[in-house]
Structure formats: structure tokens, C-alpha cells
Amino acid sequence: MYNQPLAEIFGFPAGNLSKEAMRYRRLRLCPFNNRVPNCTKDKADNPLGVCSVFTEDGIAITCPVRFRQEWLVAEDAAGFFFPEGTLWTSLTEVRLNDTKGESAGNIDVVLVAYDAQGKVTDFGALEIQGVYISGNVRRPFEHYMENPKANAEMNWRGKLNYPRPDYLSSSRKRLVPQLLYKGGILNSWGKKIAVALDKGFFETLPELKTTDSKNADIAWMVYDLEFIESSNTYSIKRSRTVYTQFHEAMDTIARPSVGPINEFLDRLQEKLDEKLENGGKPETKTIDLGD
């Protein structure tokens, strides 16, 4: 059990006070292949340099760029998209349009296969999903950054709005809408999709019906962070890959878990009783159904 929520700050554990770690914090750099050398999370001029946070069971990756360490995520996705020996490269933040020419959003990473003349022969889409946080993570981050050496062992337990991963919002507000809309277009084109997410997040999703890699439309690439004692850093590793069909997976994830109607009726009754007990009167309205 950790007494503070920050697992990695600007790419390094809170307790890593090496020259390299301190330089990254001082210059607010990102070691994980951001589009620019600096961290740009939340605000470019005052970035929230938290890559991952501690949870009750491990670590949650909160920044999508964190998955880009050594571009292993692109290599793993390429293995799903293309035959062995294919020439490929990665392009980030590629706009995707719908049939009306309106933007359906940007694809995080598009892996492009090309021939000896540099002509595109195929492509696949890689979506990367970090975990949303409930509570306030900036407050402990700014406190730590005031003096990393003094605050490396800070105790943040019991503080108001202690930050925790919000897996439900991560799936309902971000992952599902993105996959339904952008993924629907890609799937209609017959193109494969890889989704990178961390272990804790994936384990909160409903159980998905699986298939083999050859018949799959989506590869769910599940990652975890492994502590490397010799360097006092965390390293990303793929723990497993789950292969599914697009429509079956979307139907399973997007379908709500339906509880019994009686519980809802009981809740309505409680609220009605409370209203009447407090002097409220039920509104009576006549509905005119016509002749």
C-alpha cells in the first residue's frame, strides 16, 4: 500500500532522484516518444507530468503517450496487422472523415505498410487508451514538484479528493464512443484495429467472446508496468493479447448490465414517500387523447 498516488512523474518513479530523473522533471521532458520533447499533458505551458498512478492492486497508466515506450506498442500492433517481413512505419494523429467529409476524430496511430517504391499497400489503426482519474491528481503532483527530494516519501492518504482510476468513465465516455464511431468506419473498410490499454482497465470490461488472430477484427493488447530495480524505473510489457470480432465486442461492451426493475421501482417509491412526507403533493394532470 502506497501512501501517495504518483507512480511515475515525467517518466520516473517518485523515489528516483538520479541526475537523469531530476533533469527530466526540471525541463518537463517526456521520455516516451511524445510528438515534441516536452510533456504536453493537460497544459502545454504547465503540463501534468503524471504518467501513471498507484491503485489498490497495482499501477494504472493515465497518459496515452506512456504506452509509446520504445514503440513496442507499434511493433505489437504491426504483428497483428501485417505478414512477417512487411515494410511498415507509424503515423500519429491521422484525421478520419465520415461519408460527409466531417471529421470522425483522429486515429492515435496508423501503421502503414508500403512497398519498395514507397507506395502504401495496407494500413491498420492503433487506438491507445489511458485511464481517467477521479479526484485531484494535480494537487499531489504540484506538491511533489515543489521539492522532489523532500516529498518523495510524502503521505497523501486521507487528503480530500485522493486520486483514483475511473475505469467506468474511461470505457463509457472515451473508449466505447471512439471505437463505435471511428472503429465502425475502419471495420466497414475491412481494416483491423488494435487497442492498447492497461491490465487493470481491461479487467473491468465485460468478458469478450474471443477468436483466433487470423479471424479477428480487433486485437486487445493488454499492458502492465514492470519495476526494474537496477535502473529504478518502470518498463512497459505486454501481458497478453485478446482477439475478437468487431461487432460482437462492441455489442458486449456497449450493452448495459441490466439490473432488476423492482429495485428501480423501490427507489421511485422511496422518493415519492419522502416527497409526500415533506409536505409535497403529487401533480395531477389530465391527458387529452382526443375524440
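The values are calculated or read from the model by the stated rules, or taken from the named source; none is laboratory data. Values in this document were obtained by computation on a predicted structure and should not be read as measured data. Positions of Cβ are backbone-derived with ideal geometry, glycine not excepted, and every protein chain shown enters the neighbour counts.
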Return the residues of region 1-22 that are more than 20 Å from residue 55 (Cβ to Cβ), among the aliphatic types (A, V, I, L, M) and in a loop (DSSP other than H, G, I, E, B); say none if nothing qualifies.
17
For residues that are of a type in the set (S, T, N, Q), part of a helix (DSSP H, G or I) and within 30 Å of residue 192 (Cα to Cα), tally how many sit in region 242-281.
1
From (1) of a type in the set (Lys, Arg); (2) surrounded by 20 or more Cβ atoms within 10 Å (Cβ to Cβ); (3) out of contact with any strand residue (DSSP E or B) (no Cβ under 8 Å at 6 or more places or on another chain), pick out the condition that doesn't hold for residue 182.
(3)
Within region 117-142, restricting attention to residues that are charged (D, E, K, R) and either part of a strand (DSSP E or B) or at pLDDT below 95 (or both), which residue is farthest from residue 65 (Cα to Cα)?
122
Within region 1-27, restricting to residues that are in contact with a helix residue (DSSP H, G or I) (Cβ under 7 Å, 6 or more places away or on another chain) and of a type in the set (Gly, Ala, Ser), the one that is surrounded by the fewest Cβ atoms within 10 Å (Cβ to Cβ) is 14
For region 143-163, state whether one or more residues are part of a helix (DSSP H, G or I), surrounded by fewer than 21 Cβ atoms within 10 Å (Cβ to Cβ) and either on the phi > 0 side of the Ramachandran plot or out of contact with any helix residue (DSSP H, G or I) (no Cβ under 9 Å at 6 or more places or on another chain) (or both).
yes
Cβ-Cβ under 8 Å, sequence separation 6+ or interchain: first residue in region 241-265 and acidic (Asp, Glu) and surrounded by 12 or more Cβ atoms within 10 Å (Cβ to Cβ), partner at pLDDT 90 or above and not in a helix (DSSP H, G or I). Which pairs?
248/208; 248/209
Checked pairs for region 195-217, first farther than 27 Å from residue 166 by Cβ, second among the charged types (D, E, K, R) and outside any helix (DSSP H, G or I), C-beta under 7 Å and 6 or more apart or across chains, list as 217/192
Residues within region 9-60 that are farther than 23 Å from residue 202 by Cβ, touching a residue at least 60 places away in the same chain (Cβ under 8 Å) and β-branched (Val, Ile, Thr), tallied
1
All conditions in (1) more than 13 Å from residue 129 (Cβ to Cβ); (2) of a type in the set (Asp, Glu); (3) under 11 Å from the mean Cα position of the chain (by Cα) are true of residue 207 except (3)
Here are some residues: 82, 32, 54. Which one is over 30 Å from residue 114 (Cβ atoms) and aromatic (Phe, Trp, Tyr)?
54
With the structure loaded, tell me whether residue 53 is closer than 26 Å to residue 175 by Cβ, among the β-branched types (Val, Ile, Thr) and modelled with pLDDT of 95 or more or whether it fails that test.
yes
For region 77-99, state whether one or more residues are aliphatic (A, V, I, L, M), assigned to a loop (DSSP other than H, G, I, E, B) and over 26 Å from residue 215 (Cβ atoms).
no
